């Protein structure tokens, strides 16, 4: 009985943020002292609650509250290692973003309303990760989208924000529909909305070798919902356009809400892993998106746009790792990316000062293709040797080995820099030490995450021929991108390279194609169209006046 009540303590975390949102109704204006005080108390309380719940789970294991609903579907709270890791991460991010927002919007005429909308969004995300029933999971999923939409149009007079938010709204509704179909299929198959019972039913079906077609379809629709939620190609355009919102919104979006896609896949890992098409879709589209966004990221002149492409790429990588079935590594990447991206957005205003302060010129010698290939080979050889010493089984843990290879491949630049300087021994030693540190950190943290998750996700399975083919193509793509990136300085003056750089900077116009497909400009209100037309009209009048003066 007590174990059934303990999970309800975790429910206090989103409730304190809901209280902040309600308080903002009565103090929506400038310098809302009570709302800012309550939001600070809520963020601290959320951290404490996450800590207390961690003690409960360490002692009792999986904890589930009783069901409030009908026919096995409704409201219940689930506490396990996954929900606690996510709850703690969201609580810490919320604490930082709320503290930043107090100063960032100080003096804004609607500061109280903003703090309330921010608190409501944090509450909806926490409710999502605590869901123990597919009914509550779906409701919280929709609430995260609606609460984010209210933040994206916080300044409704900005046409760019309107377009991005409405594109996001359309895609979110498609994602909601996909998740709803998956939920209905699972409920129809197992007759319950309890996540644990659904997982046990799927495991039993996999063990018997007779996975129902409804589970296969449910896995596919779950993958589609995650793809739409996490701004994967070609639906990524709204994310790189939503830069007119306040910086705290960007930090919360990129560090928290985008992660809902990978989180859904990790939470429903037993269902997705039982499918055959869904993992291939996640690997293929996620891997392509990661490559596409990584290349586009390198060509962006705007810091926030570059960070937007970075988030698209990281989400693609997370979904690709989920498709390969290495869920602990996906969760590790998700958490690391969240904190990195929150810091990147909250400190984006100081990046120009950092660039100006950088006085050290790059003295690296020109790199020949042979030296670049040598650097990549050295990095991979070091990685292979470490994996062997660590005791990784290349046959059973091939998926983990491939993921680690993608991460370590990025360090090949260190080896090529050392080789370019006539095989500088000191630089080679530094590159070796750095690569060894990153490799050790990856395997150690992945092992720790695997231990924490325990039985909440499936064990990493041996890759089939289909997955192995897709993984090999993705790995080859990453190697090619690293190669081109390192020889880019030698190609920068060539006309063909410059022409290609223009197309890459514009994301190969995928966003323009998507805008045309959904008639994005028609989503604007008449007032916003007038705002967009005003500069063009003014320019036209200016040109006409200049012609008259010249005549």
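Since every read-out is calculated from the coordinates, none of them should be taken as a lab result. These numbers were taken from a predicted model, which means no experiment stands behind them. In this analysis, Cβ positions are derived from the backbone assuming ideal geometry, glycine residues included, and neighbour counts consider all displayed protein chains.
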The computed P(r) of the stretch 168-215 puts the percent of Cα pairs beyond 14 Å at 56 percent
Contour excess over end-to-end distance, with Cα ends at residue 451 and residue 70 and 0.36 nm allotted per residue: 133.6 nm
Ranked on Cβ counts within 10 Å of their own Cβ, fewest leading, 97, 146, 122 go 146, 97, 122
Most exposed first by the Cβ proxy, i.e. fewest other Cβ within 10 Å, how do 115, 315 rank? 115, 315
Under Stokes-Einstein, with the Kirkwood radius over Cα pairs standing in for Rh, what whole-number D in µm²/s applies to the stretch 87-167 at 37 °C and 0.692 mPa s? 238 µm²/s
Whole-Å distance, taken between Cα centres, linking the stretch 1-55 and the stretch 139-185: 24 Å
Determine, for 30, 322, 53, the number of other Cβ atoms within 10 Å of each Cβ, and report the residues in order from fewest to most. 30, 53, 322
Taking 0.36 nm per residue of separation and subtracting the Cα-Cα distance, what length does fully extending residue 48 through residue 509 add? 161.3 nm
Once you put a point 7 Å from the Cα of residue 476 and another 7 Å from the Cα of residue 25, both along the Cβ direction, what distance in nm separates them? 5.9 nm
Could you give the length gained on full extension between residue 441 and residue 459, defined as 0.36 nm per residue of separation minus the Cα-Cα distance, in nm? 4.4 nm
Gyration tensor (alpha-carbon) shape descriptor, the stretch 219-303, a/c threshold 1.5: oblate
So the FRET efficiency between residue 490 and residue 388, C-beta based with R0 = 41 Å and rounded to 0.05, is 0.70
Between the stretch 396-449 and the stretch 67-106, what is the separation of their alpha carbon centroids in Å? 35 Å
Place a point 7 Å from Cα of residue 34 in the direction of its Cβ. Which residues in the stretch 91-112 have their backbone N less than 18 Å from it? 110-112
Obtain the radius of gyration and the Kirkwood radius of the chain from its C-alpha atoms and give Rg over Rh. 0.99
Please give the calculated 222 nm ellipticity per residue for the chain, where each DSSP H segment of at least 4 residues contributes -39500 (n - 2.57) and the sum is spread over every residue; nearest 500 deg cm²/dmol? -25000 deg cm²/dmol
Once you place label points 7 Å from the Cα toward the Cβ at residue 180 and residue 434, how far apart are they in nm? 5.0 nm
Measure off 7 Å from each Cα along the Cα-to-Cβ vector at residue 373 and residue 395, then give the distance between these two points in nanometres to one decimal. 3.2 nm
